[in-house]
Amino acid sequence: MRQNLFHSLRARCLGFAPNLVAPILVALMVVVTLVSCTKKEAGTPGSSSEKLAGPGITIGLVLDKGGKDDKSFNSAAVAGAERAAKEFGVVIKDVESPDDAAFEPAMRTFAERGMPLVIGIGFAQTDPMKKVAAQFPKTHFAVIDGVVEGPNVTSFMFEEHEGSYLVGYLAGLVTKTGKVGFVGGMEIAMIRRFLMAYEAGVIAANPKAKVFSNFVGITASAWANPSKGKELALSQIGQGADIIFHAAGASGMGVFDAVEEKKVFAIGVDSNQNGIKPGRVLTSMLKRVDNAVYEVIRSEVEGRFKPGPNSFGLKDKGVDMAVDANNEALVAPHMKKLDEVREQIISGKIVVPDFYKTQPTSGTK
Amino acid sequence: MNFVTKNISWFVTLGAVLLGFSAALLLAAVLGESPSLVATVLIRGAVGSATSLGYSLYYATPLIFTGLAVSWALKAGLFNIGAEGQMTLGGVAMAAVGILASGLPAAVAWPLALFAGFGAGASAGWIVAWFKVRRGVHEVLGSILMNFVSYGIAGLFILNIFRNPSSQNPETLPIGPGFELSQLSLIGGTSPLNVAFVFALVFAAVADFVIRRTRLGMNLRWSGGAPEFARRSGLSIDRETMRALAISGGLAGLAGASVVLGYMHKAREGFSAGAGFIGIAVALLGRGNPWGVIVAALLFGGLQKGSLDLDIDTDKISRDLAGVIQALIVMAVAARPVIEAGLRTWLERRKREAT
C-alpha cells in the first residue's frame, strides 16, 4: 500500500519526462530545416525582381519605433521615399521596428537581398548600422539624425535649432498672455536643442515672455504617450500658456487635443501638422526628413551616392516653418518679420544658441 | 501503441503547435496572402541561412532561461510571472559589475557577471516569496507587481547612476572588454549569437538533472505535486516556496546575459523586450520539462526571427502574425488536458476492443 502510494506520487511529481521524446522533436526540427532549404531553390519570394542600379531598384527603409503612422518623423521619411518611388520608379520595402533588437536583422536582411541602398531612420540605428555597414561594404547605407562613419555610409543631420528659433520667434510675436509652453518627448540632447533655441526665439521677439517646458519622459516610451503629452500641455495652459510647441513624436497628439479643448494654439514638429487641428495649429517646425530620404534615393538612382556627413538647415530648407491654407490667416501678419529673422539666421547675423555646442560630447550618437 | 499512450501528452502538444500554425496560416489565407508563401517566408527567415539560424538561436537564448525559470516555479506549484522584471534586474546587475570592475579578465568576469545576474533575479524572486509566506500575498500578484518595482530600480541604474552621457539612447556606459561574451560565428554566421546560448543549454541540462535526480529537486516536486504529503513527511513548504521562487528568479536573472554581455555590451532601457512574458508560454509549451523548454524556446525564437521577414516579403500581413501564432499555440496547449483525456479514453477503448 505504502509502496503504491509512493509510486503514484512519484508518477505525479515526475509527470511525463520520458527521455526519448525531446530527441524526437529535435530530429523533427532538423527535418523541417532540411525541407526549408530545399524550398529555397524552388523560388525565393521578393528577390527575383530586385535590380542593382538604375530605375526599378529596390531600396530598404528601416523605420524608428514610432512607426510609419506617427504623422511626424517616420511619416515624413515614408512620404519622401514614396515620392522618390513615384518619380524614379524604384521599389520601397519598409520595416517598422518594435524594439532596438530588430534594427540590425532588418538592415542585414535588406543588405543580404542585394538592395543597393538601405536607409535607417533615427539615431537609435547608429550602432547597428555601424556593424552592418562594415559587413556589407558594397551596400550603401544612409542614416537620418545620427552620424555613422564609413566609406559606404552617408549621414543626415538637421539644424533643428534654427527652425526652433524661428517658430519660437513667431510664438513670441503671437502670444497674448506672454507665456508659451514646450512639451518635449524623451529628455535627450536633441530635444534640449529644440528647447534651447525655441526659448531664445521667444525671448528675442518678446523679452518679457515666459517659457514653460516639460518632458514626457526619459525612456523611449516617451515618444508614444499622448495622454501624458496632453496632461503636460493642460498644465502649461493652466499656468497661462497660450502657445505650445511640441517635439514629442506621437505624444504630441495629446498636445493637439489639449489646445483644441482649451482654445489655444499648438506648434507642430517634423511633418506639416497644420492640418491635424485646422486653425489651432499656429505652424509646424518642418524637419525635412522627407527631402533627405528623397535626395539620398535620387543620388543612388543617378549613380552619385556620396558617403559622409550632411547637414540641413534653414538655408537649404532642411528645416523650415510650414505655411499652408490652414494657418495662413494666423501667420500672415507676421510673415514679413519672420522672413527677416530667417535671412538674419542664414546670413549669420543672428547666432542661434546650439545645445550641442554647449555639451561637446552630446549629440550625433 | 504503448509508446503513443505513454507519451500522449507530447503528441497532443505537438498537435497543438501544428494546430496553432495551421490556424494562423488559414488566417493569412483569409487576409488574401498565400499560406505557402507565408510558411516559406517564416521558415526561410528562421533557418534559411547560417545568419538567420544564428538570429533564431540568439532570440531563443533568453527564452530558454525565462522558460526554465517559469518551469522551475511551476514544479513547486508556483506561478512566477515576474520573469520579465527579474530578467531586467539581472541584466542591469551584469552591466553594473561590468562597468564597475571593467578591468577584469574574462575568466573572472564571466562567472562574476553571471553570479551578479543570478543574485539580482533571485533577490527579486525571494521578495515575492517572502510576501507570500509571511504576508499571504499570492505569488501571481506579488510577482507581477514586482515587475514594476524592477523596472523602476533598473531605470534608476540605467538612466541615472550608470547612464552614458554621450549617447542619446537610454543606456548605460559600456561594460569592460573582459565581460563581453564570445560570438559563436561558426554556427551563427554574422548574427549576434554568443556563448550565452551554450550557457542556456548547460543550465537546462543541470536543471533537468537537479529536478529529477537530487534531493533538492525531489523536495521541489513534492512541495508542488503533493504539498500535504510533503508537509507530513517533515518538509517545510514555506522554505521550499522561498527556495523555489528565489532559484526561479535567479534563472530569469541570467536571461539578460545574451543581450547585455553578448550583444549590446551595455544595458539599454527595455532590453528584455518581453522575453520574460514569452517565457511563460515557453514553459507551458515545454510542459515544465527543461528539454521541452529548449525545443519550445527554439520554436519561439525562430518564429520571432522568421516573422521579421513577413514585413518585407508579404504585402498584406505583418510580423504581428508571429504574435497571433504564439497566442494560438498557447491556447491550443491550454486546451491540451481536455483533448488528452478524450484521446486517452478512446485509445484505451480501442485497445480493449482489440484484445
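For this structure, a couple of remarks:
- For a straight C-alpha distance cut-off of 15 angstrom, the aspartates and glutamates reachable from B:K6 (same-chain residues fewer than eight places away being disregarded) are B:E340, B:E348.
- Span from the the range A:114-170 Cα centroid across to the the range A:201-280 one, whole angstrom: 27 Å
- Cα gyration tensor category, rounded, prolate or oblate, for the range B:121-274 with a/c compared to 1.5: oblate
- Proximal aspartates and glutamates to A:K315, defined as alpha-carbon separation beneath 15 angstrom and excluding residues fewer than eight positions away on the same chain: A:E159, A:E160, A:E162, A:D339, A:E340, A:E343
- Relative contact order %, chain B, counting alpha carbon pairs below 8 Å whose residues are six or more apart: 35 percent
- In this rough spin-label picture, where each label sits 7 Å from Cα along the Cβ direction, the B:V140-B:A29 distance is 3.6 nm.
- Report summary: the helix-based calculation at 222 nm, which adds -39500 (n - 2.57) for every DSSP H run with n ≥ 4 and divides by the residues of chain B, gives -24000 deg cm²/dmol.
- As computed over the protein assembly as shown, the Cα convex hull volume per residue (Å³): 180 Å³
- Under 12 Å, Cβ to Cβ, from B:T355 - net charge with Lys/Arg +1 and Asp/Glu -1: +2
- Global geometry of chain B, whether rounded, prolate or oblate, following the gyration tensor of its Cα atoms and the 1.5 cut on a/c: oblate
- Cα gyration tensor shape for the range B:245-335, rounded if a/c is under 1.5, else prolate or oblate: oblate
- Descending semi-axes in Å of the range A:58-158, equivalent ellipsoid built from Cα gyration tensor: 18, 16, 13
- Counting Cβ atoms of other protein chains within 10 Å of each residue's Cβ and taking the mean over peptide B:35-48 gives 4.
- Cross-link pairs exceeding 30 Å in C-alpha to C-alpha distance, out of A:K65/A:K131; A:K93/A:K306; A:K262/A:K317, comprise A:K262/A:K317.
- Taking every C-alpha pair closer than 8 Å and separated by at least 6 residues, the mean separation divided by the residue count of the range A:161-301 gives a relative contact order of 23 percent.
- Pair A:D69, B:L156: separation of 7 Å Cα→Cβ label points (nm): 3.9 nm
- Partner aspartates and glutamates for B:K132 [C-alpha distance under 13 Å; skip if fewer than 8 residues away on the same chain]: B:D238, B:E240
- Of the trypsin sites (Lys or Arg not before Pro) found in the range A:88-154, those that fall in a DSSP loop while having at most 14 other beta-carbon atoms within 10 Å are A:K138.
- Restricting the range A:151-194 to trypsin sites (Lys or Arg not before Pro) that sit in a DSSP loop and have at most 10 other Cβ atoms within 10 Å of their own Cβ leaves A:K176.
- Debye intensity ratio in log₁₀ form over the Cα atoms of the range B:297-355, taken at each q of 0.12, 0.14, 0.21 Å⁻¹: -0.50, -0.58, -0.81
Taken together, the values in this text are just the output of simple stated rules run on the coordinates, not laboratory data. Since we're looking at a predicted model, the values are computed, not measured. All Cβ positions, even for glycine, are placed from backbone atoms using ideal geometry, and neighbour counts span all protein chains on display.
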